[in-house]
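Accompanying notes for the structure given below.
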Amino acid sequence: MTVVKNIAKDRVLQITAILVIVSLFFGKPLLTDIHFSTLWSITAMMTLIQIFEYLHVLDFFAYKLTSSAENTKQLTWKFVILSLFSGMFLTNDVTVLTLIPLYLRIAKKYKLPEVLPVTLIGMAANFGSAFTPFGNPHNIFVMDHFKVGGLEFFSWSIPLLAASFFLLFLFSLLVKNKPVPTVPIRDISISIRPTLITVGVAILIFMGVFRVIPSYVGAIAAVFLALAFNPRIMTKVDYAIILTFTGFFIIAGVVSRIPVIVSIISKLMYSEQSVYLTSIISSQFISNVPSTVLIGKFTTFAEALFLGSNIGGLGSVVGSMANLLVFKQYSNHGSYKKSRFLLESGIFNFTGLIILSGIGFLILKYIL
């Protein structure tokens, strides 16, 4: 019942369900609209994430790293680097949910800066998840929909990661520096054997994403492993995002067959630059995941869509699901008013969006 309640109260899924119902008045959905290989990969990743959570892998590294920070700049950078790398493998959502409450507990205890470090941790989670095909669901979709190979994908994501790292460094210079007392390490340990087995299953999942093996193999392996460790792990899986993506596919499929919509969107898809800008702008209003699925129906410029959708995660609070989670975590654990956080964090986010959009345009024109 807990699983059903969690699914039912997911706001994004609720909105998606309403839009699916509305879309049915405009056309008939087809089974071919649904990318089942993408759904298998997302299911596998959501299950794998909960296994790593169960094994306390991210908690272990977080406390190990933060125990040695001497000042706020070091502390912020350690959280940012951990967020960047964990986002690559554990997704931006899980990274935000784990690291931001941890940072805010430390910040409140020692009266450290909150808004900018939390904003940078959220940005780093988005940038890290953009680097790998399995870091976020819309990258999985891009790889599957456009049949993108691993080398080609990383030829897109490496320049973006370099630009993102530059932006994080630029903003980190603005963090006020003050001494940090030694942060005691909690008694967290990692069980080596279960972790290694989980890494083995992760490799299967990655092979599925890269189409070396069928994507359902990794999903089945992940589910069996979760059941073997503790069946309760499966009650923690984010089934709402799987259903949400199914809804996105249905909506995008129906919309892609409405003549007026086809005419409007097709006019915006005439070049790499237009696809790039459209995906950035649309992400600010409907989030980068549904934007990617919808635009993917109308373009062959995969690299432009990849860049635009991932850069579009910056900016508005709805640009990425992780942004909403950052705001939610700050609302629950931060010291300042929500409105202050939204304003100050928004300034950094939109400034970052402008800077990274310009760099992304140069990447698209001269590198990709």
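What follows draws every value from the coordinates through simple rules; no lab data is involved. This is a predicted model, so every value here is computed, not measured. Here the Cβ is made from the backbone with ideal geometry for all residues, glycine too, and neighbour counts use every protein chain on show.
Amide H to amide H, which residues 5 or more places from Asn71 or on other chains are under 5 Å from it, using H placed in the peptide plane?
Val180
Between Asn136 and residues 5 or more places away or on another chain, which pairs have amide H atoms under 5 Å apart, with H built 1.01 Å from N, and which residues are they?
Long-range HN contacts for Asn136: none found.
Give me the orientation-averaged projected area of the Cα convex hull of the stretch 175-315, in nm², one decimal.
On the way: hull surface 54.6 nm².
About 13.7 nm², averaged over all directions.
For the stretch 3-92, build the convex hull from the C-alpha positions and give me its volume per residue in Å³. Numbers along the way, then the final one.
Numbers: hull volume 13.5 nm³, N = 90.
Per residue, the Cα convex hull of the stretch 3-92 comes to 150 Å³.
Applying a 10 Å radius around every beta-carbon, put 309-318, 84-93 in order of their mean neighbour count, most first. Don't skip to the answer; put the middle values down first.
Details: 309-318: 26.1, 84-93: 24.3.
For the peptides 309-318, 84-93, the packing ranking is 309-318, 84-93.
Pop out the ³J(HN,Hα) list for the stretch 324-330 in order, Karplus 6.51 cos²θ - 1.76 cosθ + 1.60 with θ = phi - 60°, rounded to Hz; leave Gly and Pro as x.
Result, ordered by residue: 5, 5, 4, 4, 5, 5, 5 Hz.
For a quick protection proxy, order the peptides 108-116, 28-36 by their average other-Cβ count within 10 Å, most packed first. All intermediate terms of the calculation are to be shown ahead of the outcome.
Working: 108-116: 16.1, 28-36: 14.0.
Output ranking for 108-116, 28-36: 108-116, 28-36.
Per Stokes-Einstein, at 25 °C and 0.890 mPa s, what whole-number D in µm² s⁻¹ belongs to the chain, with the Kirkwood radius over Cα pairs as the hydrodynamic radius? Walk me through the intermediate numbers first.
Numbers: Rh = 21.0 Å.
Value of D from the Cα-based Kirkwood radius: 117 µm²/s.
Applying the Karplus parametrisation 6.51 cos²θ - 1.76 cosθ + 1.60 with θ = phi - 60° to the phi angles of the stretch 96-107, what ³J(HN,Hα) value in whole Hz is obtained for each residue in order, glycine and proline being reported as x?
Going residue by residue, I get 4, 5, 8, 7, 5, x, 5, 4, 5, 4, 5, 4 Hz, with x marking Gly and Pro.
Can you tell which of Ser282, Ser263, Ser23 shows the greatest fluctuation in a Gaussian network model of the chain with Cα springs below 10 Å?
Judging by the Gaussian network model, the answer is Ser263.
Let me have the relative contact order for the stretch 59-128, percent, based on Cα pairs under 8 Å that are six or more residues apart. Don't jump to the answer; show the numbers that get you there.
Details: 74 pairs, mean separation 28.3, N = 70.
This gives 40 percent for the stretch 59-128.
Under a plain spin-label model, where a point goes 7 Å from the Cα along Cα-to-Cβ, how far apart in nm are Leu31 and Ile192?
Taking the simple label geometry, Leu31 and Ile192 are separated by 4.9 nm.
Tell me, in nm to one decimal, what length is gained between Val3 and Ile15 on full extension, where the rule is 0.36 nm per residue of separation less the Cα-Cα distance?
Values: separation 12, 0.36 × 12 = 4.32 nm, distance 1.86 nm.
Length gained between Val3 and Ile15: 2.5 nm.
I'd like the distance separating the alpha-carbon centroids of the stretch 242-301 and the stretch 115-138, in whole Å.
The distance from the Cα centre of the stretch 242-301 to that of the stretch 115-138 comes to 22 Å.
Would you grab the residues whose amide H sits under 5 Å from the one on Gly315? Only those 5+ places off in sequence or on another chain, please, with H modelled 1.01 Å from N.
Phe350, Leu353
Through the Karplus equation 6.51 cos²θ - 1.76 cosθ + 1.60, θ set to phi - 60°, convert the phi angles of the stretch 79-93 into ³J(HN,Hα) values in whole Hz; use x for Gly and Pro.
Once rounded to whole Hz, the list reads 5, 5, 5, 4, 4, 4, 6, 5, x, 5, 10, 10, 6, 5, 4.
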